[in-house]
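First comes the structure, then the notes that go with it.
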Amino acid sequence: MGATEAKTVHSPALTYFSMLSLLSLCPPFVILLWYTMVHADGSVVQTWNFLKQHGLQGFLEIWPRPTAIAWKIIFVYGAFEAALQLILPGKRVEGPISPTGHRPVYKANGMAAYFVTLVTYISLWWFEIFNPTVVYDHLGEIYSALIFGSLIFCVFLYIKGHVAPSSTDSGSSGNLIIDFYWGMELYPRIGKSFDIKVFTNCRFGMMSWAVLAVTYCIKQYEANAKVSDSMLVNTTLMLVYVTKFFWWEAGYWNTMDIAHDRAGFYICWGCLVWVPSIYTSPGMYLVNHPVNLGSQLALYILVAGILCIYINYDCDRQRQEFRRTSGKCKIWGKAPSKIEATYTTTSGETKISLLLTSGWWGLARHFHYVPEILAAFFWTVPALFNHFLPYFYVVFLTILLFDRAKRDDDRCRSKYGKYWKLYCNKVPYKIIPGIY
């Protein structure tokens, strides 16, 4: 990846700008989002008026200090997930070949870890050993601790990349800021088998999404002695989505997040802090704002959401099956149309990739982002439209995925050259068929 990759991802000037913006704006935004959802009735105007009145001093007052209980919750959860990642049995899965010709090997035990996590968490509540409402009541302190703890963790990754890289897929761009932001290593590991990115992205980040969705549901139940249909729809759809993720986790290891983005501030801080706070925020809002949708509307939203999650899954499944069989499979009942693209690795080897141009992948080059954005809309819409803030995640996700589509197209253009041009002629739309 090195200096050249850093340039192809974004120009150094843009990297500086985005890194300094993320470093300076994201941590306070996480705290402001939590404060607004929990203490300001979900109203951006209320928070704005408070800050206008009290200024920086007021902002520092609402920023919770990390407490011993917050650190304890994070540590126990992190240690539990790390133990499951190491201990639970799983199928041996190979990742894609990296630019240096290295092929990472994983143990696919995500679904088992997910099942054990949720059963353990709900059992602790059911048998009155630990009440998940404690997590909600200390959420601000937990986010605060995650913000600082994850920053330290990113410094550790930067030093490790310099001193003890895990594979040949590492290196410096010669620029400290770019190295820290984009990361030094593609596949950092502790020892032979503990994959750091699988831990941060999947077992800490995505798992926390499910754990917090359940937490919000239990908190509303404990506060009101019942769960609103809006909260049930939100929690169900989020859990269906996260279940889909762990069911397909081995496929995720072939995506841009794992196979192309290095382990730095951009991806690791995002998974450790942004996912548990921003991705779960519609549920966080619903805790104190139960909406009664009525069974008919609730059912419509639920079915629409599940359909979107299924289409998103089927897109990924289609491509995975196509790759696994080297194109010798049926797609929508007939043989797939494809482009055979040759490319050269950094070591000078010539390799062949098959580019799928039919099925979902014939509609647009990144069509799978459409059902993903719609699914996020459907698990947010139970909050209705009294406040904008619950929809921040949908807006953020749209920007993120459109940016990712652009980065992926740029990367493929430089990798495949004329074959990519051929592919774009055959599948002209980037994300939305007929529009964009």
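Among the candidates Asp261, Asp229, Asp179, Asp195, single out the residue that is out of contact with any Cys (no Cβ under 7 Å at 6 or more places or on another chain), of a type outside the set (S, T, N, Q) and closer than 23 Å to Cys412 by Cβ.
Criteria check complete, one pass: Asp261.
Of the residues Trp253, Trp269, which single one is within 14 Å of the chain's Cα centre (by Cα) and more than 22 Å from Cys26 (Cβ to Cβ)?
Trp253
Before we move on, is Ile339 in contact with an Asp or Glu (Cβ under 7 Å, 6 or more places away or on another chain) and either modelled with pLDDT of 95 or more or farther than 19 Å from Gly251 by Cα (or both)?
Answer is no for this residue.
Return the pairs, sorted by first residue and then second, in which the second residue is open to solvent by 20 Å² or more (accessible area, probe 1.4 Å) and part of a helix (DSSP H, G or I), the first residue lies in the stretch 206-231 and is more than 24 Å from Gln296 (Cα to Cα), the beta carbons are less than 7 Å apart, and the residues are 6+ apart or on different chains.
Final answer for the pair search is Trp209/Tyr279; Ala210/Leu118; Ala210/Leu239; Val211/Tyr121.
Which count do you get for residues in the stretch 104-117 that are part of a helix (DSSP H, G or I), open to solvent by 30 Å² or more (accessible area, probe 1.4 Å) and of a type outside the set (Phe, Trp, Tyr)?
Going through the stretch 104-117 one residue at a time, the tally reaches 3.
For Pro89, are the conditions met, namely being assigned to a loop (DSSP other than H, G, I, E, B) and more than 18 Å from Leu151 (Cβ to Cβ)?
Answer is yes for this residue.
How about the stretch 1-53: which of its residues are touching a Pro at 6+ places or on another chain (Cβ under 9 Å), in a loop (DSSP other than H, G, I, E, B) and either modelled with pLDDT under 80 or of a type in the set (A, V, I, L, M) (or both)?
Hit for the stretch 1-53 is Met1, nothing else.
Test Thr15 against the stated conditions and say whether it is of a type outside the set (Gly, Ala, Ser) and open to solvent by less than 20 Å² (accessible area, probe 1.4 Å).
Considered against the rule, which asks whether it is of a type outside the set (Gly, Ala, Ser) and open to solvent by less than 20 Å² (accessible area, probe 1.4 Å), Thr15 comes out as yes.
Would you confirm whether any residue within the stretch 285-299 is without any contact (Cβ under 8 Å) to a residue 12 or more places away in the chain and either touching a Phe, Trp or Tyr at 6+ places or on another chain (Cβ under 8 Å) or of a type in the set (Val, Ile, Thr) (or both)?
No, because not a single residue in the stretch 285-299 is without any contact (Cβ under 8 Å) to a residue 12 or more places away in the chain and either touching a Phe, Trp or Tyr at 6+ places or on another chain (Cβ under 8 Å) or of a type in the set (Val, Ile, Thr) (or both).
Can you tell me which residue in the stretch 393-428 is farthest from the chain's Cα centre (by Cα), limited to those that are assigned to a loop (DSSP other than H, G, I, E, B) and surrounded by fewer than 16 Cβ atoms within 10 Å (Cβ to Cβ)?
Gly417
State all residues of the stretch 337-378 that are touching a Gly at 6+ places or on another chain (Cβ under 6 Å) and buried (at least 21 other Cβ atoms within 10 Å of the Cβ); if no residue qualifies, say none.
Ala375, Phe378, listed by residue number.
So in the stretch 379-392, with the set limited to residues that are open to solvent by 60 Å² or more (accessible area, probe 1.4 Å) and in contact (Cβ under 8 Å) with a residue 24 or more places away in the chain, which one is nearest to Ser230 (Cα to Cα)?
It comes out as Leu384.
I'm checking my understanding of the structure. Among residues of the stretch 155-167 that are over 24 Å from Phe80 (Cβ atoms) and of a type in the set (Gly, Ala, Ser), which one is surrounded by the most Cβ atoms within 10 Å (Cβ to Cβ)?
Gly161
Might you check whether a residue that is crowded, with 16+ Cβ neighbours inside 10 Å and modelled with pLDDT of 95 or more occurs anywhere in the stretch 89-103?
yes
Given the structure, is Tyr143 aromatic (Phe, Trp, Tyr), touching a Pro at 6+ places or on another chain (Cβ under 8 Å), part of a loop (DSSP other than H, G, I, E, B) and open to solvent by less than 20 Å² (accessible area, probe 1.4 Å)?
So Tyr143 fails the test.
Inspect the stretch 162-180 for any residue being within 30 Å of Ile69 (Cα to Cα) and of a type in the set (A, V, I, L, M) and give the result as yes or no.
No, the stretch 162-180 has no match at all.
The values are calculated or read from the model by the stated rules, or taken from the named source; none is laboratory data. Quick caveat: nothing in here was measured; it's all calculated off a predicted structure. Positions of Cβ are backbone-derived with ideal geometry, glycine not excepted, and every protein chain shown enters the neighbour counts. The protein model used for the area step is the full one, side chains on, heavy atoms only, and it has no ligands, DNA or RNA in it. Shrake-Rupley method; radii C 1.70, N 1.55, O 1.52, S 1.80 Å.
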